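Trainee: Okay, handing you the structure first.
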Amino acid sequence: MKNRKILLSENEIPEHWYNIVADMPNKPLPPLHPGTREPIGPEALAPLFPMELIKQEVSAEKYVEIPDQVRDIYKMWRSTPLFRAYNLEKALDTPAKIYYKYEGVSPSGSHKPNTAVAQAYYNKQEGVKRITTETGAGQWGSALSFACNHFDIECEVYMVKISYHHKPYRKLMMNTWGAQVYASPTDLTEAGRKVLADDPDSPGSLGIAISEAVERAATDEHTKYSLGSVLNHVLLHQTVVGQEAVKQMEMAGDMPDIVIAPFGGGSNFAGLTFPFLRLNLEEGKNIRCIASEPASCPKLTRGVFRYDFGDTVGMTPLLPMYTLGHNFVPAPIHAGGLRYHGAGVIVSQLLKDKLIEARAHDNLEVFEAGVTFAKAEGIIPAPEANHGIATAIQEALKCKEEGVSRTILFNMCGHGHFDMKAYEDYFAGKLTKHELSTADIEASLAELDTPVPE
Ligand SMILES: *Cc1c(COP(=O)(O)O)cnc(C)c1O
C-alpha cells in the first residue's frame, strides 16, 4: 500500500494564485449598474473594497503573486494534507481510487481562511481600520475574525439572528479572536432599524445581514466590507488549494479523472478545480470537474443563466450568473453555506460553456454519504462537504458497476465539529429530502425582470 497521506513542505506552498480568466475561451461578461443597467467599471466598488482587491476582481493576468506576509500566515496550517481514502474505497468495494484534499485543518475549520487572510492583508496595506461582514452558519465570520486579528484590524460580524442563537460556540470562536458579533437585524444601521420597526422579532436573513454590513462600510471611510464567496478575487485566493493538490497528485504518481467539490457560491469548487481545469485548457487534458449542490437550492442544475442581484434587496451590481432568482428562499437545510440563490460569475460562464458539470443531491443522500465517510476515514465532514462526498461515492459506485477504475479527487472543505446539530437531526429522522417543484422555481424566476445576457 502506498502512502495514505501526501504532504508538501512549507516551502512548496504556491507562490502565486492562478487566475483562470486568462485561459477562459469566453471571458466573463461585465457587471451592470443596478439602476441604469449599464456596464460599470471597477471604481464603482471603491467604497466597499480596497483597490488591490478591486484590481484582482477585474484582472485577466494569469498569475497573481501571493504576498510574503500572506504566505507566512498560510504556513500556520498549509500545506493541507491530501489523503488517499483507502478505507472508503474498501467500504464501497470499488475499483476506483479515491483521494481527498482536507481543508478542515485550518484554524477555523474550513477553506475560508485562504481568502480571509489575503483580504485582511490588502485592507491593512491600504490603512483600513475596520472590516464588516455577514455570516450565516458562522464559517465565514470565524475565518475573517481569525484573519483580522492577525493584522490588527477590527472585525464586525453581522450574524443572522437565528444562527446567533442556535450556534453560540461559533459566536464565541469569533469573540476569542477579538471580533464584535451582532445578532442581525440590529438597531445599529438604517437597514436593521427598518426591519425591526416592521417586525421586532425578525429571525434575520443573510440578505438583511448583508445590507447591514454593506451600509456600515459605505458610510464610514475607515471601514470596508468583505465577502467570503462568489466574487472573482475570492475564487482566485482559493486556488492555493488546487495548486497544492496538483503537486500532491503528481507525488502520488496519479492524476484524477474526476475532480469534485461542493458548491455554495463557488469558492472551494474553484479553489480545487481551477488548477486542474488549467491542465484541460492549456495541455488538452480531459479532467471532468463536477460541482455538487443541494437539490433544495439547485441554481446550477435547475436555475437560469441571467443577470441578477447578489443580495435580496437589489442593491448590489447585477452579475451574469446561474440563479434561482434573488427572492428565492431555500429550505432551511443544515448546509447553510450552500443556501445561496446564485453562483459566481466565472463558474457560471464555465458551466454555460460546458467546461464543468453540476449535480444535485437530496438532503438524506448527503448525510448518508457523510456518515459513510466518517465511519471509514474518521473525519466528520461539514454538512456542505457531504454534498461533494455524495457525488464522489456515486462515481465510485459507477466504476464498480462498469468494472473500470477511475481516479476521483474531492474537496473535504471543512469539518463538522460545530454542526453536530445537523447530524443529531439526521439520526433522529428529522431531515427530509426537500425536493423542489418546478412550479416553485418558475415562480421565483418569474419575478426576475433583469437583462438576459447575450
Ligand atoms: C462556506 C462554505 C461552503 C460554501 O461556499 P463556497 O464558496 O461554495 O465554497 C462550503 N463548505 C464549507 C465548509 C463552507 O464553510
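A short reminder: the numbers here are calculations on the coordinates, not readings from a lab. Being a predicted model, the structure only gives us computed values, none of them experimental. In this analysis, Cβ positions are derived from the backbone assuming ideal geometry, glycine residues included, and neighbour counts consider all displayed protein chains.
Trainee: If you add up the charges near residue 226, with Lys and Arg at +1 and Asp and Glu at -1, over every other residue whose beta carbon is less than 15 angstrom from its beta carbon, what do you get? The partial results should precede the final answer.
Mentor: Details: positive: 112, 124, 129, 130, 216, 224; negative: 52, 57, 126, 134, 154, 156, 212, 215, 220, 311.
Here the charged neighbours net out to -4.
Trainee: Can you work out the Karplus-derived ³J(HN,Hα) for every residue in the stretch 102-110? Use 6.51 cos²θ - 1.76 cosθ + 1.60 with θ = phi - 60°, whole Hz, and x for glycine or proline.
Mentor: Each residue's phi maps through the Karplus curve to give 9, 8, x, 7, 5, x, 8, x, 8 Hz.
Trainee: Moving on. For the residues 18, 426, 100, what sequence is obtained by ranking on other C-beta atoms within 10 Å, fewest first? Each step should come with its number before you reach the end.
Mentor: Working: 18 25, 426 20, 100 28.
So the ranking, lowest neighbour count to highest, is 426, 18, 100.
Trainee: A follow-up question, please. Using θ = phi - 60° and the Karplus form 6.51 cos²θ - 1.76 cosθ + 1.60, what ³J(HN,Hα) does each residue of the stretch 244-258 get, whole Hz, x for Gly and Pro?
Mentor: Values, residue by residue: 4, 5, 4, 4, 5, 5, 4, 4, 7, x, 9, 9, x, 8, 9 Hz.
Trainee: If you don't mind, another one. Between residue 325 and residues 5 or more places away or on another chain, which pairs have amide H atoms under 5 Å apart, with H built 1.01 Å from N, and which residues are they?
Mentor: none
Trainee: If the label point is 7 Å along Cα→Cβ of residue 76, which residues in the stretch 410-451 have backbone nitrogen under 18 Å from it?
Mentor: 414-415
Trainee: Rank 399, 427, 45 by how far each Cα sits towards the positive end of the charge dipole of the chain (+1 on Lys, Arg Cβ; -1 on Asp, Glu Cβ) and give me just the farthest.
Mentor: 399
Trainee: Tell me, in nm to one decimal, what length is gained between residue 427 and residue 254 on full extension, where the rule is 0.36 nm per residue of separation less the Cα-Cα distance?
Mentor: Working: separation 173, 0.36 × 173 = 62.28 nm, distance 3.69 nm.
So the extension gain works out to 58.6 nm.
Trainee: Could you list which residues have their amide H under 5 Å from that of residue 189, counting only those 5 or more apart in sequence or on another chain, with H placed in the peptide plane?
Mentor: For residue 189, no residues qualify.
Trainee: Also, I was wondering about something else. Taking amide H positions as placed 1.01 Å from N in the peptide plane, with prolines and chain starts having none, which residues 5 or more places from residue 134, or on another chain, fall under 5 Å of its amide H?
Mentor: Sorted by chain and number, the residues that satisfy this are 158.
Trainee: Per 0.36 nm of contour for each residue apart, how much would the distance between residue 172 and residue 65 grow if the chain were fully extended, relative to their Cα-Cα spacing? Spell out each step's value before the answer.
Mentor: Working: separation 107, 0.36 × 107 = 38.52 nm, distance 3.40 nm.
Result: 35.1 nm gained on full extension.
Trainee: Considering only the other residues whose Cβ falls under 11 Å of the Cβ of residue 350, what net charge follows from Lys and Arg at +1 and Asp and Glu at -1?
Mentor: Values: positive: 352, 354; negative: 23, 353, 357.
It works out to a net charge of -1.
Trainee: Obtain the nm distance between the two label points defined at residue 447 and residue 198 by a simple spin-label model: each point lies 7 Å from its Cα along the Cα-to-C-beta direction.
Mentor: About 1.1 nm, to one decimal.
Trainee: Additional query: Give me the percent relative contact order of the chain, please, defined on Cα pairs under 8 angstrom at least 6 residues apart. Before the final figure, lay out each step's value.
Mentor: Working: 966 pairs, mean separation 85.7, N = 454.
Once divided by the residue count of the chain, the mean separation gives 19 percent.
Trainee: From the backbone phi of the stretch 141-157, what are the Karplus-calculated ³J(HN,Hα) couplings (6.51 cos²θ - 1.76 cosθ + 1.60, θ = phi - 60°) in whole Hz, Gly and Pro given as x?
Mentor: Listing the rounded values in order: x, 5, 4, 5, 4, 4, 5, 4, 4, 5, 9, 6, 10, 5, 10, 10, 10 Hz.
Trainee: If you wrap the chain's Cα atoms in a convex hull and average its projection over all directions, what's the area in nm²?
Mentor: Averaging across all directions leaves 20.4 nm² for the Cα convex hull.
Trainee: Mind sorting 372, 189 by how few other Cβ atoms lie within 10 Å of their own Cβ, fewest first? Don't skip to the end; give the middle numbers.
Mentor: On the way: 372 17, 189 22.
Going from sparsest to densest Cβ surroundings: 372, 189.
Trainee: If the only charges are +1 at each Lys and Arg Cβ and -1 at each Asp and Glu Cβ, what is the size of the charge dipole of the chain around the Cα centre, to the nearest 20 debye?
Mentor: Details: 44 positive and 57 negative charges, 225 e Å.
For this selection, approximately 1080 debye.
Trainee: Compute all pairwise cysteine Cβ distances in the chain, then list the cysteines with no distance under 4.7 Å to another cysteine.
Mentor: So far as the 4.7 Å Cβ criterion goes, 289, 297, 399, 413 stand without a partner in the chain.
Trainee: Still on this model: Towards the positive end of the charge dipole of the stretch 188-248, with charges on Cβ (+1 Lys, Arg; -1 Asp, Glu), say which of 202, 213, 191 has the farthest Cα.
Mentor: 213
Trainee: Here's another thing I want to ask about it. Counting other beta carbons within 10 Å of each Cβ, put 334, 326 in order, fewest first.
Mentor: On the way: 334 25, 326 21.
Ascending number of Cβ neighbours within 10 Å: 326, 334.
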